[in-house]
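These notes are about the structure you will find just below.
The values are calculated or read from the model by the stated rules, or taken from the named source; none is laboratory data. Treat the numbers as computed from the prediction; the structure is a model and nothing was measured. Heads up, the Cβs are rebuilt from the backbone with ideal geometry, glycines too, and the neighbour counts pull from every protein chain shown. Accessible surface is based on the protein model in full, side chains and every heavy atom, while ligands, DNA and RNA are left aside. Shrake-Rupley method; radii C 1.70, N 1.55, O 1.52, S 1.80 Å.
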Amino acid sequence: MSDGPLTRLRHALGTPRPDRVAVVRLEGHIGAVGVGRGGLTADGVEGVLKRAFTGERVKAVVLVINSPGGSPAQSEYIAERVRQLASENGVRVLAFCEDVAASGGYWIACAADEIFAARTSMVGSIGVVSSGFGAAELIGKIGLERRIYSAGNNKARLDVFSEEKPEDVEWLSGIQADLHEAFIAWVRQRRGAKLSGDDETLFSGDVWIGRRAVEVGLVDAVGVLRSVIAERYPDAEVDVIAPTKPLLARLTGGQLEMAAAVDGVVTGAWSAMEKRARWSSVGL
């Protein structure tokens with residue numbers, strides 16, 4: 001760490017300070033999750049990314065990714081911000097896939113100049129998924145009646161408490177196809193000639209493990225952070241950039257936030273079910 005005793009001693013003796021490798025962890029679901037449960041968003045990671053790229057003597061920025069994916073838009077926003085900061089500051093970016101860098105997690109990994117994975121990392125899932133549930137019969141059995149009032153014939157597409165319509169499913173398939181093409185275009189842009197698998201294999205939504213991900217070109221090499229950094233930047237300091245806690249959490253130790261989360265879960269269960277269904281209808 002840059003604030004260690006050896007660093008302070010070196011500074012006191014007038015010895016030139018070493019280069020730094022800034023490490024940023026990007027972990028969890030991408031996008032809004034719910035009350036008391038934060039996900040990865042462009043706004044949420046802006047602070048740590050900016051501190052990582054704009055610090056003094058930064059030789060490289062490392063993204064440690066552990067995410068199954070989530071929001072297509074937030075995946076794109078975060079990846080584009082990484083590229084923007086890397087270009088503005090002339091800093092090389094390395095991505096390390098931990099347990100999983102799939103779907104939106106892999107989208108973000110592609111923002112790096114090089115991607116590494118452990119032998120057991122799960123990588124890929126270049127596709128789009130829709131999920132939800134149908135409860136039209138259930139609410140009738142428990143004595144509830146669904147009422148929807150909208151302006152616009154298509155405003156309430158795929159409502160989970162109404163009967164599914166074939167034309168709505170067809171519409172959703174079109175949305176998924178467009179998102180899939182955007183995902184594929186980004187992977188091709190970033191990985192280019194490194195891709196060695198055929199399109200049907202690479203972009204089927206499958207996941208690869210470690211060495212196999214290297215073989216198809218989704219990952220550059222098998223390796224873990226400490227070993228690769230020690231080899232590439234043997235004299236550099238590794239500086240883990242931690243996110244700043246919100247003022248409320250610092251003042252209360254998180255107790256008020258936890259109370260708000262519990263209250264939200266208890267009082268908003270039905271509303272949360274509807275919101276979750278809408279948010280999860282399309283994702284990476």
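Filtering segment 29-59 down to residues that are of a type in the set (A, V, I, L, M) and assigned to a loop (DSSP other than H, G, I, E, B), which residue is modelled with the lowest pLDDT? Ranking the candidates gives VAL35 first. Between SER204, SER196, SER162, SER150, the distinction of being of a type in the set (Ser, Thr, Tyr) and under 17 Å from ALA101 (Cα atoms) belongs to SER204 only.
So for segment 207-218 (the condition being modelled with pLDDT of 95 or more and on the phi > 0 side of the Ramachandran plot), does at least one residue qualify? There is at least one residue in segment 207-218 that is modelled with pLDDT of 95 or more and on the phi > 0 side of the Ramachandran plot. The residues listed here are VAL123, VAL62, VAL93; of these, the one that is closer than 28 Å to GLY174 by Cα, open to solvent by less than 10 Å² (accessible area, probe 1.4 Å) and not in a helix (DSSP H, G or I) is VAL123. Quick check on segment 8-23. Is at least one of its residues open to solvent by 30 Å² or more (accessible area, probe 1.4 Å), assigned to a loop (DSSP other than H, G, I, E, B) and modelled with pLDDT of 90 or more? Within segment 8-23, not a single residue is open to solvent by 30 Å² or more (accessible area, probe 1.4 Å), assigned to a loop (DSSP other than H, G, I, E, B) and modelled with pLDDT of 90 or more.
Counting only residues that are free of Cβ contacts under 8 Å to residues at least 60 places away in the same chain, among the β-branched types (Val, Ile, Thr) and closer than 22 Å to ARG17 by Cβ, segment 57-88 holds 2 of them. Per this entry, ILE108 is not counted among residues that are more than 11 Å from the chain's Cα centre (by Cα), within 20 Å of ARG188 (Cβ to Cβ) and aliphatic (A, V, I, L, M). PHE133 meets all of the listed conditions (1) assigned to a loop (DSSP other than H, G, I, E, B); (2) in contact (Cβ under 8 Å) with a residue 12 or more places away in the chain; (3) open to solvent by less than 60 Å² (accessible area, probe 1.4 Å) but one, namely (3). Of the residues making up segment 158-185, just one is touching a helix residue (DSSP H, G or I) at 6+ places or on another chain (Cβ under 9 Å), among the charged types (D, E, K, R) and surrounded by 15 or more Cβ atoms within 10 Å (Cβ to Cβ), namely ASP159.
If the condition is being small (Gly, Ala, Ser), open to solvent by 20 Å² or more (accessible area, probe 1.4 Å) and more than 18 Å from the chain's Cα centre (by Cα), then segment 186-238 contributes GLY192, ALA193, SER196, GLY197, SER204, ALA221, SER227, ALA230, ALA236.
Could you pull out the residue among ARG51, ARG81 that is under 15 Å from the mean Cα position of the chain (by Cα) and surrounded by fewer than 22 Cβ atoms within 10 Å (Cβ to Cβ)? Don't jump to the end; show me each part of the working.
Numbers: ARG51 fails: under 15 Å from the mean Cα position of the chain (by Cα).
Being under 15 Å from the mean Cα position of the chain (by Cα) and surrounded by fewer than 22 Cβ atoms within 10 Å (Cβ to Cβ) holds for just one of ARG51, ARG81, which is ARG81.
When ALA101 is tested against the conditions (1) among the hydrophobic types (A, V, I, L, M, F, W, C); (2) crowded, with 20+ Cβ neighbours inside 10 Å; (3) touching a residue at least 60 places away in the same chain (Cβ under 8 Å), the lone failure is (3).
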